[in-house]
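Step one of this worksheet: look at the structure below.
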Amino acid sequence: MERYSRQVLFSPIGEEGQAQISQKHVLIVGVGALGSVSAELLTRAGIGKLTIVDRDYVDVTNLQRQLLYSEQDVKEKLPKAIAAKRRLQAINQDVMIEAHVIDAFDPQLVSILEQGVDVMIDGTDNFETRFYINDLAVKYNIPWIYGSCVSSFGVSFPIIPNETPCFRCLINHLPSYQMTCDTVGIISPTVQMVASYQTAEALKILVGAKEIRNSVVVFDLWKNDHHFLKAGKLKNAQCPTCGEHRTYPALQEKSSADVLCGRDTVQIRHSEPFHLAKMVQQMKASGHHVQYNDYLIITELEGYRTVLFKDGRMLIHGTKDMLKARSLYQKYFA
Ligand SMILES: [Zn+2]
């Protein structure tokens, strides 16, 4: 097809590689900064199917680096997965795009994996979710591509179950700044660079290339530093995820509330989906000011901006205090 002629001319892909790409399914977990870029690159590359999962909605502070979103999405308070799908489909209508407004711990993620996923791409912003994805990837034998960035630092590594070390094996060897939540800001080129590394490895895996990188790339765009750490020897035979005795610790029980990384926000999970239309009626009747769309309701409870999603999650902004957040939840929704 003419559309992909430049990619087909690139000989490591060629006609055959293009045909493969058009048959493959990629799952992107998180379509914030990193996920936005890899989703767009894969959509333009003509991936067969793209599934995107994200738990958040578009905020004005995202626009500086999250390339898929516009001021209109901010105005409409659209969930990122929905806004991303709209934009991606406008770029390439031939790609089958499935969008889920859920967090990674939702059981639906496992159902998606069970349908068959060729590669998973890390678009998350926290280590708890990455450990969870890592366990799932090894358990279901699906390659996944770790990527992380903060300020002008970036790191990426492709994890191939049963071949490379897994994320848990690597974690103690990664630079320590990666352990902290992002509170120091970021410049957009850092994101594009990490996502480009991730997408390049994804394309290699999708076409069965031999050149898959077996090293961790680490760079600092501001300080002009760029290097590769050999990863092969970092595999830990005792690793509880990819070692001889696998217990997949991150797949064990998940708490019903957590503080979102680097943000003044607590997320609480209700035991069942929220009936949004009914709740809008009730909240209006009790005098609350509400903004809403088909996916979420935004209101203010005792001075805290609160967002309720259809899948039963609740975000309480302006606090890191789980007890406070739980008590608001108990009072209004339990
Ligand atoms: Zn491991």
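The values are calculated or read from the model by the stated rules, or taken from the named source; none is laboratory data. Note that the structure is a prediction, hence the values are computed from the model and not measured. Cβ placement follows ideal geometry from the backbone for every residue including glycine, while neighbour counts extend to all protein chains displayed. The area values use the complete protein model at the heavy-atom level, side chains included, leaving out ligands, DNA and RNA. Shrake-Rupley method; radii C 1.70, N 1.55, O 1.52, S 1.80 Å.
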Ranked output for segments 223-231, 289-297, 117-125 by mean other Cβ atoms within 10 Å, highest leading, reads 117-125, 289-297, 223-231
Kirkwood-type radius of region 258-333, with distances r between different C-alpha atoms, in Å: 12.4
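Between Glu272 and Ser11, what is the FRET efficiency for a Förster distance of 56 Å, r being their Cβ-Cβ separation, to the nearest 0.05?
Efficiency, from the Cβ-Cβ distance: 0.60.
Mind checking the full-extension length gain between Asn293 and Glu114? Use 0.36 nm per residue of separation minus the Cα-Cα distance, one decimal, nm. Provide the component values of the computation, followed by the final result.
Working: separation 179, 0.36 × 179 = 64.44 nm, distance 3.07 nm.
61.4 nm is the gain from fully extending Asn293 to Glu114.
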Heavy atoms only, probe 1.4 Å: what % of the accessible area of region 258-333 goes to carbon and sulfur, would you let me know? 50
DSSP bridge pairs, the chain: antiparallel proportion in percent, nearest 5: 70
Quick shape summary for the chain, equivalent ellipsoid via Cα gyration tensor, semi-axes whole Å in descending order, reads 34, 24, 19
For region 1-139, just the Cα atoms, rotate onto the principal axes and tell me the three extents in Å, largest first. 39, 39, 21
Sequence-separation-based contact order of the chain, relative, with Cα cut under 8 Å and 6+ spacing, percent: 14
Cα-centre dipole for the chain with unit charges at Cβ (Lys and Arg positive, Asp and Glu negative), debye to 20: 200
Find the accessible area per residue for the chain; the probe is 1.4 Å, ligands and nucleic acids are left out, and the unit is Å². 46
How large a share of the accessible area of region 2-251, in percent, is made up of carbon and sulfur atoms when the probe is 1.4 Å and the other protein chains stay in place? 53
